[in-house]
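A short worksheet on the structure shown next.
The values are calculated or read from the model by the stated rules, or taken from the named source; none is laboratory data. The shown structure was predicted, so the numbers you read here are calculated from the model rather than taken from an experiment. All Cβ positions, even for glycine, are placed from backbone atoms using ideal geometry, and neighbour counts span all protein chains on display.
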Amino acid sequence: MLDKLRDNTSFLHFSTREIVAWSKEYVQQLPPDYVPRFLDIGLGSARDLLSIRQALGNRPVELIGIESQPSLVEQARLHQIETLSVNIETEAIPLANASLDVVIANHVAEHLKELFWFFGEISRLLKPGGIAMIGCPNLASWHNRAALLFGQQPPAAKLLGAHVRGITMSGFRDFIEHSGYFKVVRSKGSNFYFFPVPLNRLLERMFPSLCASMHFQLRRTDKPGSFLKILDEPIPGIGDTPYRRHAENTNVETVPQ
């Protein structure tokens, strides 16, 4: 019963509606003859990029996705979306510094150990003033809190699962705004388990920090350098983990300096 209720609102989990609205608002501020450049990290079915293209109507856009599954790469090609195959935890994304206007990473961060490398690449690729839209499960959702209350592993951080990061709204804001490379412009909660859509939407607005999923709009500040430089700061305990600082594909000229 609960699984059926959850599945009925699963489309809310990825907040495509908000991602499209945020993208459209940003693009409308650009000169009308300018062609904005988007990158979707973890392209999948290209749902977000295709929805953005449709919402922008006749406005020309350049769409790029990071994807490695052959069937999804072929699907992207049919939709005129360029694809790159990159290990986002070990390799530099083969695009030039400050060459993107918008980066999307919708439910990707929770799968990554190398968050500093990942956001270092995003900080490198975005133009100052460009935006990133980041979505991930919310460790502090009401159903994860209930699981912990009863001594159970929270669903957002299953040990027999793909997620290696547990992230909350306040924790992500503290992380991403550290040292001033990014500024959180907006944040929202999505999908309030296990309620029907109209009530779900109301509860999202009332209790965003208790939702199953959360999304952020970030603005790249004009601070030079890479988010990766945070690893050089004297943060207590950060040296206990050997986070990646250099790309495996060192022949790529765009490796962060």
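Brief remarks follow.
- Failed criterion for ASN87 (all others in (1) surrounded by fewer than 16 Cβ atoms within 10 Å (Cβ to Cβ); (2) more than 27 Å from ASP174 (Cα to Cα); (3) not basic (Lys, Arg) hold): (2)
- Residues of the stretch 175-210 that are surrounded by 18 or more Cβ atoms within 10 Å (Cβ to Cβ) and of a type in the set (D, E, K, R): LYS188, GLU204.
- Scan of the stretch 168-201 for residues that are hydrophobic (A, V, I, L, M, F, W, C), at pLDDT below 95 and part of a helix (DSSP H, G or I), ordered by number: VAL197, LEU199
- Test: ALA46 is small (Gly, Ala, Ser) and either over 23 Å from LYS223 (Cα atoms) or crowded, with 21+ Cβ neighbours inside 10 Å (or both): yes
- Tabulated pairs, the stretch 185-210, first touching a residue at least 24 places away in the same chain (Cβ under 8 Å) and on the phi > 0 side of the Ramachandran plot, second buried (at least 16 other Cβ atoms within 10 Å of the Cβ) and not small (Gly, Ala, Ser), C-beta under 8 angstrom, 6+ apart or interchain: ASN191/THR9; ASN191/LEU12; ASN191/HIS13; ASN191/ASN200; ASN191/GLU204; ASN191/CYS211
- Pick from the stretch 1-23, criterion farther than 22 Å from ILE66 by Cβ and within 17 Å of the chain's Cα centre (by Cα), ranking: modelled with the lowest pLDDT: PHE11
- Enumerated strands (runs of 3 or more DSSP E) restricted to the stretch 1-112, each holding at least 1 residues that are more than 26 Å from MET214 (Cα to Cα) and either in contact with a helix residue (DSSP H, G or I) (Cβ under 7 Å, 6 or more places away or on another chain) or free of Cβ contacts under 8 Å to residues at least 40 places away in the same chain (or both): 62-66, 82-84
- From the options ILE41, ILE52, residue that is of a type in the set (Val, Ile, Thr) and out of contact with any Ser or Thr (no Cβ under 6 Å at 6 or more places or on another chain): ILE41
- A count restricted to the stretch 135-157 and to residues that are over 30 Å from LYS183 (Cα atoms) and either in contact (Cβ under 8 Å) with a residue 12 or more places away in the chain or outside any helix (DSSP H, G or I) (or both) stands at 4.
- Residues satisfying the stated conditions in the stretch 227-244, i.e. surrounded by 15 or more Cβ atoms within 10 Å (Cβ to Cβ) and either of a type in the set (Lys, Arg) or modelled with pLDDT under 95 (or both): LYS229, ARG244
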